[in-house]
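Novice: Attaching a single structure in structure tokens format; questions to follow.
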Amino acid sequence: MKKLFFGILTVLLVSCDEKPQGEFELTGTTSGIDNGTVLYLDHVSTNSLIDSAVVQNNTFSFNTRLTSSPDQVVLRTKDYSHYRFLWLENNPMLFNQTQSDFRRANVTGSETENLAQNLQKGLDSLPRQEHQKREMEFVEDNPNSIVSAKMLAVYVTTWGKEKTKELFDNFSEENRNSEYGKKISKYIELNKDPDIGEQFADFEMKDINGNLQKLSDLKGKAVLLEFWASWCGPCRKENPNLVKTYEEFNPKGFEIFAVSLDEDETSWKKAVETDSLNWEHVSDLAGSANEAKLIYGVHGIPDNFLINEKGFIIGRNLRGEKLDEKLTELLK
């Protein structure tokens, strides 16, 4: 994760015909950060660098340009020991860490950031198990805020299609047309959320060699539709068990169709080779926006669906001995 700077964000006070839209001066005060420490300002949505600045005497200054307002950024040090997520707007803003840690620095001057800060303060006072309920209430109460659009885009598969559509339908046109709104709309369009006892939902995706493969190409066999990623620790830890299961049951008519939620092709291919995963692998390299993930309503990995020879889903998230027992019964 990345870290955010303390600072004051001020719009350059020049005449309208001289001032480029989205140009800011960001200055601020930090506490306990060494002289010479470099602070980075990154777009959250694209993970791309906007600008950098050097801390001197616990102060810093940015002169940069934003392509949109409001825009969520992260202010952080190189090693991420300090970071702060922040909604920037085309307004003068004050960023001050002197009375808190870096991640809870006080920010003024942005209605969007103020809304996000108030939400976070409310969440901090609640038990973790109540956070999602409060976040859903926030989206319901603030349908015109970009913060709500970002939050709903994150929780679509967790909250499900029906609730997502209900919340999305109340959004302003601007929110529906935002980058987050487009992601939500895509989920609503694609999601089928097939359940145990129902027919599998087919899809087509490129394999590791760039060739299109369909899940339905394996119909007539017992198939484990596996969702994973190279960066997923629990997935990688489970892979040796899955290799043993595949070696035992593949000669009896068992196949694995693995969907990676990776974004980096090199990391994906290296993990397949390193873990000796000798089955079918596909990915659209879209990360959390992977189309198969949206179709099946997957909101955490590892996850899987066991599909029988007739194309019906007969189990979900089966691992180790439970998967072996189900396959023994299915392929006896």
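The values are calculated or read from the model by the stated rules, or taken from the named source; none is laboratory data. Fair warning: this is a prediction, and the values are worked out from it, not measured in the lab. Positions of Cβ are backbone-derived with ideal geometry, glycine not excepted, and every protein chain shown enters the neighbour counts.
Novice: Any idea which residue in the stretch 138-171 is farthest from Glu89 (Cα to Cα), counting only those that are touching a Leu at 6+ places or on another chain (Cβ under 8 Å) and of a type in the set (Val, Ile, Thr)?
Specialist: Among residues in the stretch 138-171 that are touching a Leu at 6+ places or on another chain (Cβ under 8 Å) and of a type in the set (Val, Ile, Thr), the one farthest from Glu89 (Cα to Cα) is Thr157.
Novice: Does the stretch 71-78 include one or more residues that are of a type in the set (A, V, I, L, M, F, W, C), without any contact (Cβ under 8 Å) to a residue 12 or more places away in the chain and touching a strand residue (DSSP E or B) at 6+ places or on another chain (Cβ under 9 Å)? Show your work before the answer.
Specialist: Step one: filter the stretch 71-78 for residues of a type in the set (A, V, I, L, M, F, W, C), giving 73-75.
From the residues that got through so far, the ones that are without any contact (Cβ under 8 Å) to a residue 12 or more places away in the chain too are none.
So far as the stretch 71-78 goes, no, none of its residues is of a type in the set (A, V, I, L, M, F, W, C), without any contact (Cβ under 8 Å) to a residue 12 or more places away in the chain and touching a strand residue (DSSP E or B) at 6+ places or on another chain (Cβ under 9 Å).
Novice: Within the stretch 191-232, take every residue that is of a type in the set (Lys, Arg) and part of a loop (DSSP other than H, G, I, E, B) and give me the one that is farthest from Glu255 (Cα to Cα).
Specialist: First, pick out the residues of the stretch 191-232 that are of a type in the set (Lys, Arg): 192, 206, 214, 219, 221.
From what is left, the residues that are part of a loop (DSSP other than H, G, I, E, B) are 192, 219, 221.
Details: Lys192: 23, Lys219: 10, Lys221: 7 Å.
Taking the candidates together, the pick is Lys192.
Novice: Return the residues of the stretch 51-88 that are acidic (Asp, Glu) and touching a Leu at 6+ places or on another chain (Cβ under 8 Å); say none if nothing qualifies. First the steps, then the outcome.
Specialist: Just the residues of the stretch 51-88 that are acidic (Asp, Glu), to begin with: 51, 71, 79.
Correct list: Asp51, Asp71.
Novice: Only one residue in Ser145, Ser125 is of a type in the set (Ser, Thr, Tyr) and surrounded by fewer than 18 Cβ atoms within 10 Å (Cβ to Cβ). Which one?
Specialist: Numbers: Ser145 fails: surrounded by fewer than 18 Cβ atoms within 10 Å (Cβ to Cβ).
Unique residue meeting the criteria: Ser125.
Novice: Which helices (runs of 4 or more DSSP H) does the stretch 240-332 wholly contain that include 1 or more residues that are free of Cβ contacts under 8 Å to residues at least 24 places away in the same chain, over 20 Å from Ile208 (Cβ atoms) and outside the structural domain of Lys182 (by TED's automatic domain parsing)? Quick ask: steps written out before the conclusion?
Specialist: On the way: elements: 265-274, 291-296, 320-330.
Those helices (runs of 4 or more DSSP H) span 320-330.
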